[in-house]
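All of the numbers you see were taken from the coordinates with simple rules; none came from a lab. The structure presented is a predicted model; accordingly, all values stated were derived computationally and were not measured. Glycine gets a Cβ as well: all are built from the backbone with ideal geometry, and neighbour counts include every protein chain shown.
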Amino acid sequence: MRTIGNVLWLLLAGWWLALWYVVTGLLACILIVTIPFGIAAFRLAGYTLWPFGRTVVVAPDAGIPSVLGNVLWIVLFGWHLALAHVAAGILLCLTIIGIPFGIAAFKLSVLAMVPLGTRVVDIEQKRGIPQEAAWPVARPTRMTP
């Protein structure tokens, strides 16, 4: 089922969204100072091309440099990538069969805004990662008396 979802995603929206990430990554690498952004864009291009069966986890050792890098990423590259995902999500949600893919595009738009400090892993690998590091981080915490 995962493969069917990935093939449909690839045909409907994945190829052109991944191409957008590759173009962004090449531009970032040409600017030399933003080569780490280019590497992040290439990583996200692979994830955008074949997203089902993989997930994103927060790197616990990312720290302040990733936060500052994400702010710069948003200004330089993130906003137009997130808009591309939102546009794809809206277009995909116009059909009944495209609604699950539209929801996936909306989820990817959040990642397009803040990619630094995250890792893309297989679902099977996620089992070995602490739950605090799973994406998204909004989980209720347990209060002890």
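Brief remarks follow.
- Some residue of the stretch 116-127 being assigned to a loop (DSSP other than H, G, I, E, B), surrounded by fewer than 20 Cβ atoms within 10 Å (Cβ to Cβ) and more than 14 Å from the chain's Cα centre (by Cα): yes
- Across the stretch 77-89, the number of residues qualifying as in contact with a helix residue (DSSP H, G or I) (Cβ under 7 Å, 6 or more places away or on another chain) and of a type outside the set (Gly, Ala, Ser) comes to 4.
- Hits in the stretch 1-13 - residues which are free of Cβ contacts under 8 Å to residues at least 60 places away in the same chain and not aliphatic (A, V, I, L, M): ARG2, THR3, ASN6
- Candidate set from the stretch 14-66 (those that are of a type in the set (Val, Ile, Thr) and in contact (Cβ under 8 Å) with a residue 40 or more places away in the chain); member that is farthest from GLY98 (Cα to Cα): THR34
- Considering the stretch 24-36, and only residues there that are out of contact with any Leu (no Cβ under 7 Å at 6 or more places or on another chain) and part of a helix (DSSP H, G or I), the residue that is surrounded by the fewest Cβ atoms within 10 Å (Cβ to Cβ) turns out to be ILE30.
- On the stretch given as the stretch 23-58, residues that are within 17 Å of the chain's Cα centre (by Cα), hydroxyl-bearing (Ser, Thr, Tyr) and under 17 Å from ILE74 (Cβ atoms) total 1.
- Picking from residues in the stretch 39-60 that are assigned to a loop (DSSP other than H, G, I, E, B) and out of contact with any Asp or Glu (no Cβ under 9 Å at 6 or more places or on another chain), the one that is surrounded by the fewest Cβ atoms within 10 Å (Cβ to Cβ) is ALA59.
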